[in-house]
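Working notes, structure below.
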Amino acid sequence: MTLRSIVLTGLVSVSLTSFFSPAASAAAGQPADPQLQEEQQLGTESFNELKAKREIITTSLLYDSLKPLTSDIARAAQPRYGLPIKFYLVHEPQPNAFATPGGNVYVVDELLYFVKNDEELAGTICHELAHTIHHDSMELAEKQKKVMEREIGAAVLMGPTAQHALAIALLGKLHSLSYSRDVEARADLTGADICAAAGHNPWGLVWLFREFKDAGPGEMPSLLSDHPDDQARIDALTQHFAANPAVFGRFSQDPSSATAFGVQKNIPVVFLR
């Protein structure tokens, strides 16, 4: 896919330097927890790899549409995680979102063109952020590290080069939807909790799962659709909502109540270099 123009003549835009949530400042600095230190380091290596690949978008009007939603989500989720939660737009061919260790959540620009409403976008982002809160990506990285040790030897996996290699391998796993069914199910429920706490309707993820379930082969992108048994996940979320009316009772399950989300096609972007 041809990259969009990086020229923004005459446009007012939002850059990632102003995109971090104020809630993240409370968690800033070097963490005392050794596990969080490891997560922070791996998150930095993952960021640097995406930067080297020219995928991170530093300036775009797309941030205008995304920032209000992610600010709400960050405020609701930050108390659950010991490092600053930050959001970045990245450019990739397929609609997607993914979170790496260390608090960075990456939203692919194509996702903003794909979702139908705020609720679907919020549900997707909250689901990915839940993986960070549960340290799922770090556990995935640890498993990948053991595989790499067996394949190329533990002695080779030492120092900064090893962290960079692990970050590359982890990004590949995150893009291939490598979490187990139980891990995904747990992220669904926590993601719904975050959505509700942020004031966004958590039924959006259910609506998205229904679209995937009802779609024919090849009709939908790989976003979430490679995960097994959409109906089981729909049922689990529905039961979770019913069991917690004080949290979820104020939200409508009717898709017609959704807030339409739409952005202008082919919005120019500037990439971080």
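The values are calculated or read from the model by the stated rules, or taken from the named source; none is laboratory data. What you see is a predicted model; the values in this text were computed from it and never measured. In this analysis, Cβ positions are derived from the backbone assuming ideal geometry, glycine residues included, and neighbour counts consider all displayed protein chains. Accessible surface is based on the protein model in full, side chains and every heavy atom, while ligands, DNA and RNA are left aside. Shrake-Rupley method; radii C 1.70, N 1.55, O 1.52, S 1.80 Å.
Tabulated data for the structure shown
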| quantity | calculated |
| --- | --- |
| Test: Phe87 is open to solvent by 20 Å² or more (accessible area, probe 1.4 Å), modelled with pLDDT of 95 or more and within 14 Å of the chain's Cα centre (by Cα) | no |
| Test set (1) under 19 Å from Leu111 (Cα atoms); (2) at pLDDT 85 or above - Tyr179 fails condition number | (1) |
| Residue among Glu38, Glu92, Glu119, Glu45 that is over 28 Å from Ala165 (Cα atoms), open to solvent by 10 Å² or more (accessible area, probe 1.4 Å), among the acidic types (Asp, Glu) and in contact with a helix residue (DSSP H, G or I) (Cβ under 9 Å, 6 or more places away or on another chain) | Glu119 |
| Residues that are of a type outside the set (Val, Ile, Thr) and open to solvent by less than 30 Å² (accessible area, probe 1.4 Å), drawn from the range 50-71 | Leu50, Glu55, Ser60, Leu62, Tyr63, Leu66, Leu69, Ser71 |
| Test: Pro79 is of a type outside the set (Lys, Arg), open to solvent by 10 Å² or more (accessible area, probe 1.4 Å) and assigned to a loop (DSSP other than H, G, I, E, B) | no |
| Candidates Ala97, Ala74 - the one that is open to solvent by less than 20 Å² (accessible area, probe 1.4 Å) and in contact with a Leu (Cβ under 7 Å, 6 or more places away or on another chain) | Ala97 |
